[in-house]
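*Asks:* Dropping the structure in here first, questions after.
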Amino acid sequence: MIKQYKLRFYNFRLVLFLVAISAIGIILVGSARDDLRSKQLIGVIMGLLIMTALSLLDYSWISNFQWILYGVNIVLLLIVRLFGDSANGAARWIDFGFIRFQPTELSKIIIILFFARFFMDHEEDLNTPKTLAKSVLLLAVPLFLILEQPDLKNTLMMLAVFCILIYIAGLSYKIIGGTVLILVPLIIIFLSIVVQPNQKLIKDYQRNRIMSFLYPENDEYSDDIQQQNNSKTAIASGELIGKRLSGSDEVTSVNKGNFVSENQTDFIFAVAGEEYGFLGCSLIILLLLAISIECVRMGLRAKDLSGKIICCGMASVVALQSFLNISVATGIAPNTGTPLPFVSYGLTSLVSLYIGMGLVLNVGLQSSAYNKEIRKNSMNQKEDYL
């Protein structure tokens, strides 16, 4: 369960990137809402402690409980479905009184961990119809429960993450090509239906967000596009170094003007652009990119397929969420309400990401220690032979 590791094998570079991006998150959340700064700080400290503890636990031992974790995930999502606390028209939280917990965020990590072990166990027969059907069915259950909250963005994002996981596991290119040929027409048909006024495939507010993105000049959707327009204005107003660093006393469109709602979560990038300008935004993007690259790099050196999938899965979550959040804030994608990893306010999301990073760090420890042990054993065998 717990192994003895060499401290020099610990990826302190990744830890440094995580601390840096989290510190920026604390500053930006405090700028957006001063009363949330201390809560974000507590979340970061809690996340770092959990990450450190998990980084010392053998991820292979944890993955032995894959079916228990899968069951816990389904139970939590069912509790949300039946007794969840609602906000903004969606039941996505479990309210414990002293804290509200969003199981969907933890579900992302559990799904990655589950399929990391599942695909490794089925490495030899991954491309058989039986294994593919089983994996799709196992994914469909939690995704259906997430979609019913409703939470379309996380449903689609986890579907994308699953595609990355199964590709890393060794999915045949023939199957990939056939799937693409089927999916492209289906996506076109889906989009042609959802733009119709009386469609039943998605909720009305989801359709309005898509329509406001496609037809921003239409007055009918002006309310839906207004937040993104204000977000772009705020980012542009920060110019090179931002209003905070330049000492500007102008009324800001995000914080003081209150023209963008949920600026501490969905539009935190607008706060960064306005207060710290192009340089601040670039620093955030580079740190998130560095975290994703470090995860992939450790995955390439993992001792087994399970470790490789865990690392690449976490890299895809960080990269996809970052891309979606920044795309929404800059107006190049419809409003999805996706938080910016390690920056946006939200303790469940923050701690869940740190849980995933703890697993990634352990994969890195195991790969370094494992490779060293292999080299040592190989040298010993050569000496014995001679």
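The values are calculated or read from the model by the stated rules, or taken from the named source; none is laboratory data. Since the structure is predicted, the reported quantities are computational estimates derived from the model, not experimental observations. Every residue, glycine among them, receives a Cβ derived from its backbone with ideal geometry; neighbour counts consider all protein chains shown. For the accessible areas, the whole protein counts, side chains as well, though only heavy atoms, and no ligand, DNA or RNA atoms are used. Shrake-Rupley method; radii C 1.70, N 1.55, O 1.52, S 1.80 Å.
*Asks:* Taking a threshold of 20 Å on the Cα-Cα distance, which of the pairs 174/308; 130/174; 6/303; 153/174; 130/303 fall above it?
*Replies:* Exceeds cut-off: 174/308; 153/174; 130/303.
*Asks:* Moving to a separate point now. Let me see the P(r) profile for the stretch 1-76: every Cα-Cα distance counted, bins of 10 Å, each bin given as a percent of all pairs.
*Replies:* The percentages, shortest bin first, are 16, 31, 30, 21, 2.
*Asks:* What angle do you read, to the nearest 10 degrees and between 0 and 90, between the alpha-carbon axis of helix 268-300 and the longest principal axis of the chain?
*Replies:* The two axes meet at around 20 degrees.
*Asks:* Can you figure out the FRET efficiency of residue 156 with residue 239, using R₀ = 41 Å and their beta-carbon distance, to the nearest 0.05?
*Replies:* 0.75
*Asks:* Dividing the convex hull volume of the alpha carbon atoms of the stretch 1-151 by its residue count, what do you get in Å³ per residue?
*Replies:* 158 Å³
*Asks:* With a 1.4 Å probe and all protein chains left in place, how much of the accessible area of the chain comes from carbon and sulfur atoms, in whole percent?
*Replies:* 65 percent
*Asks:* Now for a different question. Determine which residues of the stretch 122-163 fall in the zone a paramagnetic label at residue 190 would reach in this model, i.e. backbone nitrogen under 13 Å from the point 7 Å along Cα→Cβ.
*Replies:* 144, 147, 152-161, 163
*Asks:* May I pose another question? Order the following by accessible area, largest value first: 219, 95. Probe radius 1.4 Å; ligands, DNA and RNA are ignored.
*Replies:* Result, largest first: 219, 95.
*Asks:* What's the ranking of 145-156, 168-179, 73-84 by average number of surrounding C-beta atoms within 10 Å, highest first?
*Replies:* So the order, starting with the most tightly packed, is 145-156, 73-84, 168-179.
*Asks:* Quick one: in the chain, what % of C-alpha pairs are over 35 Å apart?
*Replies:* It works out to 30 percent of all Cα pairs.
*Asks:* Determine the gain in length on full extension of the stretch residue 215-residue 45; use 0.36 nm per residue of separation and subtract their C-alpha separation, reporting nm with one decimal.
*Replies:* So the chain would gain 56.9 nm between residue 215 and residue 45.
*Asks:* Can I ask one more? How high is the relative contact order of the stretch 80-217, in percent, with contacts defined as C-alpha pairs under 8 Å that are six or more residues apart?
*Replies:* 18 percent
*Asks:* Hey, what number do you get for the chain at 222 nm if only DSSP H runs of n ≥ 4 count, each worth -39500 (n - 2.57), divided across all residues, to the nearest 500?
*Replies:* Helix contribution divided over all residues of the chain: -24000 deg cm²/dmol.
*Asks:* If each of residue 78 and residue 175 carries a label point 7 Å out from its Cα toward its Cβ, how far apart are those two points in nm?
*Replies:* In this crude label model, residue 78 to residue 175 measures out at 2.9 nm.
*Asks:* Moving on. Leaving out ligands and nucleic acids, and using a 1.4 Å probe, what accessible area per residue does the chain come to in Å²?
*Replies:* 50 Å²
*Asks:* If you count, for each residue, the other Cβ atoms within 10 Å and average over each peptide, how do 133-143, 318-328 line up from highest to lowest?
*Replies:* 318-328, 133-143
*Asks:* Quick one: angle between helix 37-55 and the longest Cα principal axis of the chain, in degrees between 0 and 90, rounded to 10, please.
*Replies:* The answer is roughly 20 degrees.
*Asks:* Quick one: dipole size for the stretch 22-172, taken about the Cα centre, charges +1 on Lys/Arg Cβ and -1 on Asp/Glu Cβ, in debye to the nearest 20.
*Replies:* About 280 debye.
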